[in-house]
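Colleague: Please see the structure below; I have some questions.
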Amino acid sequence: MAGVSIRDVKKAYGTTAVIHGVDVEIADGEFVVLVGPSGCGKSTLLRMIAGLEEITGGEIAIGSRVVNDLPPKERDVAMVFQNYALYPHMTVYDNMAFSLLLRKADKAEIESRVQRAAEILNLKPYLQRYPKQLSGGQRQRVAMGRAIVRDPQVFLFDEPLSNLDAKLRVAMRAEIKALHQRLKTTTVYVTHDQIEAMTMADRIVVMHDGIVEQVGTPLDLYDNPANVFVAGFIGSPAMNFLDGKVVAAGTVEVAGGVKLAAATKAAAGAAVRVGIRPEHLDLAADGQGIAATVKVVEPTGAETMVLADIAGIEAMAVFTERHDFRPGARINLKPKAGLVHVFDQASGKRV
């Protein structure tokens, strides 16, 4: 196993730059998730680690080796793709064994490695089946098994769960996390789904427009987002934002002249954007808190999700209690103490 060092890495297609000097250090045995919206550069960065895309600038090291000029087969990485990429004319066993056959491994080693991977992934009953005879989740496990038999220094996952239904995605998330805990192989995982990132990662790299916005543990990003983009991307439902201004030390004023306690270093009079997570809003007594009008109520059983209008801005509130609100009803909302985030209105940075 080995760590991965990404140092000032850039990527351009002709005159169009898509990765703008990314720096990330991934420790040996760490599970790091690259997350961001479509087009942010996360899959391109993963493909550069794999050697499937050339690097325009900077360097990538796996362990102590700089791999910029090495072909994919010499980087000692194994990649799991979104579309499984299985050979349809080969059995599960042969799909998993193929890379070892190319290496001219002896028959006993191939048998041992394939059987071990099949046992880890509960694929033993399916070794003589063909991909068309498997479910989507089983095919993805075969793709993972093919990566495991190679015993690489680094696993690379490129949105491997995108083609699965919601229930199976949850199950496969747990399987991949358990697999990492068992093998302890350095893993770089790409997804646009921030719930996947939050539940699976040791650390998350949030990307946007070819740059890294923030790197941290899932809870650190949730509790201490560095800017408006990270705050709005991490967390589900997304954070609510209200424009306001600082009126005194530790106090901001938002829509309707409502004053909220908030930890901020911004000076009085500064124009700010106030962020409040839906799950951090409580109901307030009449005449208190932020006045809102109910637009949509979504009961899920465990929670009641309420989409409301606050001075012309849509905001979401999530209550663990059950409420029988009706569209058009007037309610008052107040943020939980100490859970108001403040960002500079111009730069978007946390202040």
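The values are calculated or read from the model by the stated rules, or taken from the named source; none is laboratory data. In this text the structure is predicted, and so the values were computed from the model without any measurement. Cβ coordinates were reconstructed from backbone atoms using ideal geometry, including for glycine residues, and neighbour counts include every protein chain displayed. Ligands, DNA and RNA are excluded from the accessible area calculation, which covers all protein heavy atoms including side chains. Shrake-Rupley method; radii C 1.70, N 1.55, O 1.52, S 1.80 Å.
Colleague: With the contact rule set at Cα under 8 Å and sequence spacing of 6 or more, what percent relative contact order holds for the range 1-129?
Modeller: Contact order relative to length: 21 percent.
Colleague: Looking at the range 73-181, which trypsin sites (Lys or Arg not before Pro) are in a loop (DSSP not H, G, I, E or B) and have at most 14 other Cβ atoms within 10 Å?
Modeller: Within the range 73-181, the qualifying trypsin sites (Lys or Arg not before Pro) (loop, at most 14 other Cβ atoms within 10 Å) are 103, 104.
Colleague: So what are the ³J(HN,Hα) numbers for the range 319-333, from phi and the Karplus equation (6.51, -1.76, 1.60; θ = phi - 60°), rounded to whole Hz, Gly and Pro as x?
Modeller: 10, 7, 7, 8, 10, 9, 6, 10, x, x, 5, 9, 10, 10, 10
Colleague: Sticking with this structure for a sec: Hey, what did the chain get for relative contact order, percent, Cα under 8 Å, at least 6 apart?
Modeller: Once divided by the residue count of the chain, the mean separation gives 16 percent.
Colleague: For residue 170, what charge total do you get from the other residues with a beta carbon under 12 Å from its beta carbon, if Lys and Arg give +1 and Asp and Glu give -1?
Modeller: Numbers: positive: 167, 169, 173, 177; negative: 165, 175, 193, 196.
With Lys, Arg at +1 and Asp, Glu at -1, the net is 0.
Colleague: In Å², and per residue, what accessible area does the chain have when probed at 1.4 Å with the other protein chains present?
Modeller: On the way: 16280 Å² over 351 residues.
Counting only protein heavy atoms, the per-residue value for the chain is 46 Å².
Colleague: Once you order the gyration tensor axes a ≥ b ≥ c over the Cα atoms, which shape class does the range 7-85 get: rounded for a/c under 1.5, otherwise prolate or oblate by comparing a/b with b/c?
Modeller: Rounded, because the longest to shortest axis ratio a/c is under 1.5.
Colleague: Taking the Cα centroid of the range 78-105 and of the range 117-170, what is the distance between the two, rounded to the nearest whole Å?
Modeller: When both Cα centres are located, 11 Å separates them.
Colleague: Relative to the compact globular guide of 2.2 N^0.38 Å, what is the alpha carbon radius of gyration of the range 202-351, as a ratio?
Modeller: Here the Cα radius of gyration is 1.06 times the empirical estimate.
Colleague: Taking the square root of 5 times each eigenvalue of the Cα gyration tensor, what semi-axes in Å does the equivalent ellipsoid of the chain have, largest first?
Modeller: For the chain, the ellipsoid semi-axes come out as 45, 25, 15 Å.
Colleague: Then there is this: Suppose we flag GluC sites (Glu not before Pro) only when DSSP calls them loop and at most 13 other Cβ atoms lie within 10 Å. Which is the longest uninterrupted stretch of the chain? The partial results should precede the final answer.
Modeller: On the way: sites that count: 54, 321.
It works out to 55-320.
Colleague: Whenever you get a sec, compute what percent of the accessible area on the chain sits on carbon and sulfur atoms (1.4 Å probe).
Modeller: It is 51 percent, rounded to a whole number.
Colleague: If you don't mind, another one. Along its three principal axes, how long is the range 211-252 when you only count alpha carbons? Whole Å, largest extent first please.
Modeller: Extents along the principal axes: 32, 21, 20 Å.
Colleague: If you bin the C-alpha pair distances of the range 306-351 every 5 Å from 0, what whole percents do you get?
Modeller: Bins of 5 Å from zero give 5, 13, 22, 22, 18, 10, 7, 3 percent of pairs.
Colleague: Step through the residues of the range 101-117 one at a time and calculate ³J(HN,Hα) from phi using the Karplus curve (6.51 cos²θ - 1.76 cosθ + 1.60, θ = phi - 60°), rounding each to whole Hz and writing x for Gly and Pro.
Modeller: So the Karplus estimates, Gly and Pro as x, are 5, 5, 7, 6, 5, 6, 4, 5, 5, 4, 4, 5, 5, 5, 5, 5, 5 Hz.
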